[in-house]
Every structure is written in structure tokens, then in C-alpha cells.
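Undergrad: One structure coming up, written as C-alpha cells, with questions to follow.
The values are calculated or read from the model by the stated rules, or taken from the named source; none is laboratory data. Model, not experiment: these values are computed from the prediction. We place every Cβ from the backbone using ideal geometry, glycine too, and count neighbours over all the protein chains shown. Remember, those area values only see protein heavy atoms, side chains included, never the ligands or the DNA or RNA. Shrake-Rupley method; radii C 1.70, N 1.55, O 1.52, S 1.80 Å.
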Amino acid sequence: MTCKAVPQPHESHTVVMDDGTPISLRRHGDLDSPIRLLLTHGCGLATDAYWPFWSQLTDSYEVVLFDMRSHGHSSLGPLESLTIATLVSDSVTVLDAVQAKFGSKPVAGLFHSMGCVVGLLHAAQRDDFAALVLYDLPMRPTRGRPEDLEAISEAMASAASMRRDTFADPDELAKEFNRNPAFQLVPPQSIDLVAASTLRETPGGWALSCPPVHEAKLSAQMSEFASKLPSIINRLELPVRVIGADPTISFNHVPTIDMSGLITDGYDYVPNCSHFLQLEDPERTAQLALEFLTKSGLSPAA
């Protein structure tokens, strides 16, 4: 579904993956911009939910949104082949399709959480991005042990598997989010947007676009890649900015990480924000991206 708060895109397209799974693309912003931004989301979410954030980028940039398989506007893929590796393969196919359909131009990837993992593994395979902006990528806590993240991934997978799957309407899910401590820093209007964008209408009501069993399977795989992310970032020969949650915050449903000791350059954090920082402070998180893109020579006016 398209949320009422989210404007209609200039264009919408479906790209079919190698196994036949359709992936949704939406094109927003300044189509004449010489720079294209490619955005995707975290596990269980959808790119429409980030509209308060990415709407601030559309005056100057072409913004292409895509929902990963089993999320948002995109279709459910087969559960048996739902892996991080499959999402990386999808990302490559999507970007090839975007460049072929909309015209080739430099692309900066702006990704959150699981989307960071997918984007980094994509960038490690192919030189497709001019820059990456990575919001609170999942890695082990700075003072923790490598096995801590495995326990965290297992706990998140267990919690996801127990989620309720169907709702009478988006308002019912929004009320559930409002009771969830993980969303305590997200403004009420954004809670409504998250609820609407992560559901799809069915003949019997509304269901999560990412079913609990799909979210759980992906969450369980995060620890496999987390320890590799810092070395991938530091090897990439392109501008990378990591923007994290506040490492001093007293609450975060995902353990907060101070990445200043793990990322050799290009790390910021947003004060008083948790893992959902783009939902909690869309203005600051967008401004940091704009400043970084300009510094990296990717300003549309450059």
C-alpha cells in the first residue's frame, strides 16, 4: 500500500529477480539531478516509513526507493531462499535495472541497519556506488565479545517470530507500536506512518508485509556478517559515512555501538537517538547525509 502521507512517485516499476520474486522501485525527487540516491530500509520495515527523512533529500537529488523482498511494496520471496546473500544478489539486480531504466548516473546508497549489511556486501563485490551513508549498522557492542552479537541476533529472531501477524487496520498496529519501548523516541505521526507502511491489505484485514517468520530468519543471520563489516568499510575505495545511534543513550532496543574505535574515518552519531534514528530525528540525519555528500563531491550543484 502507499501511505497517505507519502507522495505519489514520479514513476513506479517492478524488477523481477532471478527466482521470479518482484521487487518494487519508486522514483522521487529531482529527476534531472546528476546524482541519484538509492534508499532501502531495516529488517521488518519499509522505505515509505522513512519519508520524514528522505523527503528532505528530494529537492536536490533523484531518490529511488526499493523495498527488499518480503518487505513493503515488494512481494514475498520463498522462505527457503530468504538469506542475506539473496538480498545482496537482489541489490545488484535492482541497481543494474535502475541504471538501465532511468539512465546511468553516479549513485550514493543510503541504508539503515540490515540495509547497511546488504549495501556493504554489495559494494564489496562490485564497484557500483559513488558513496555510502550507513545508519546504525548492526555490529557487536564495542566492549562486548563476538559471541554477544550471536546472542543478540538469536534474541531478536526469537522476538520477531512471536510477533502478531494480522491486524484489523493500521491504527491497531500503531497502538501496539506506541506500547513498545523500542519506539518510545519515535514521534506519534511517524509511528502511524511506520504502521501503515509495514502492512499490506488482505481480504481478511491487514497483515505484516514482512511476516514474522521471514523477519526472524533474517535477524538470525545478522551475527554471521557483523564482525566483517568494519574491515569491509575500511577496505572500500569510496567515501563512506557511518551515522550511529547515541552510544551514551540509556535506552536502545538494539545495543548501541561507539564505532569511533572500529571505523577509522567517517563516523558520526546523533545525540539522543536510538536505532531508529532516521525516524526519531529525520532533520539531523538528513542534514548529516547532505553535508557528507557535498564534502564527497556529490552535491548536485558541483
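Undergrad: Regarding Val107, is this residue within 17 Å of Ile23 (Cβ to Cβ), touching a residue at least 24 places away in the same chain (Cβ under 8 Å) and open to solvent by less than 10 Å² (accessible area, probe 1.4 Å)?
TA: yes
Condition check ((1) within 17 Å of Glu215 (Cβ to Cβ); (2) surrounded by fewer than 24 Cβ atoms within 10 Å (Cβ to Cβ); (3) polar (S, T, N, Q)) across all residues:
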{"position": "Gly20", "(1), (2), (3)": "no, yes, no"}
{"position": "Pro34", "(1), (2), (3)": "no, yes, no"}
{"position": "Ser55", "(1), (2), (3)": "no, yes, yes"}
{"position": "Tyr61", "(1), (2), (3)": "no, no, no"}
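Undergrad: Can you tell me which residues in the range 78-128 are among the small types (Gly, Ala, Ser), at pLDDT 95 or above and in contact with a Pro (Cβ under 9 Å, 6 or more places away or on another chain)?
TA: Ala108
Undergrad: Right, next: Inspect all residues belonging to the range 245-253 and state whether any of them is modelled with pLDDT of 80 or more, surrounded by 22 or more Cβ atoms within 10 Å (Cβ to Cβ) and closer than 18 Å to Ala123 by Cα.
TA: Taking every residue of the range 245-253 in turn, none turns out to be modelled with pLDDT of 80 or more, surrounded by 22 or more Cβ atoms within 10 Å (Cβ to Cβ) and closer than 18 Å to Ala123 by Cα.
Undergrad: Something else now. Take residues that are out of contact with any Phe, Trp or Tyr (no Cβ under 8 Å at 6 or more places or on another chain) and tell me which of the strands (runs of 3 or more DSSP E) falling wholly in the range 1-120 contain 1 or more.
TA: Where strands (runs of 3 or more DSSP E) fall fully within the range 1-120 and carry at least 1 residues being out of contact with any Phe, Trp or Tyr (no Cβ under 8 Å at 6 or more places or on another chain), they are 11-16, 22-29, 62-66.
Undergrad: For the range 50-66, enumerate the residues that are of a type outside the set (Ser, Thr, Tyr), out of contact with any Cys (no Cβ under 9 Å at 6 or more places or on another chain) and farther than 18 Å from Gln99 by Cβ.
TA: Pro52, Phe53, Trp54, Gln56, Leu57, Asp59 - these are the residues of the range 50-66 that are of a type outside the set (Ser, Thr, Tyr), out of contact with any Cys (no Cβ under 9 Å at 6 or more places or on another chain) and farther than 18 Å from Gln99 by Cβ.
Undergrad: If you don't mind, another one. What residue, among those in the range 8-34 that are among the acidic types (Asp, Glu) and in contact with a strand residue (DSSP E or B) (Cβ under 9 Å, 6 or more places away or on another chain), is nearest to Val63 (Cα to Cα)?
TA: Asp30
Undergrad: Check Asp169 against each of (1) more than 18 Å from Ser70 (Cβ to Cβ); (2) in contact (Cβ under 8 Å) with a residue 40 or more places away in the chain and name the one condition it does not meet.
TA: Checking Asp169 against (1) more than 18 Å from Ser70 (Cβ to Cβ); (2) in contact (Cβ under 8 Å) with a residue 40 or more places away in the chain, the one that fails is (2).
Undergrad: If you don't mind, another one. Counting just the residues of the range 158-207 that are touching a Lys or Arg at 6+ places or on another chain (Cβ under 8 Å) and surrounded by fewer than 22 Cβ atoms within 10 Å (Cβ to Cβ), which one comes out modelled with the highest pLDDT?
TA: Ala207
Undergrad: Looking at Thr83, Thr47 in this structure, which one is open to solvent by less than 10 Å² (accessible area, probe 1.4 Å), touching a Lys or Arg at 6+ places or on another chain (Cβ under 9 Å) and under 30 Å from Gly205 (Cα atoms)?
TA: Matching residue, one of Thr83, Thr47: Thr47.
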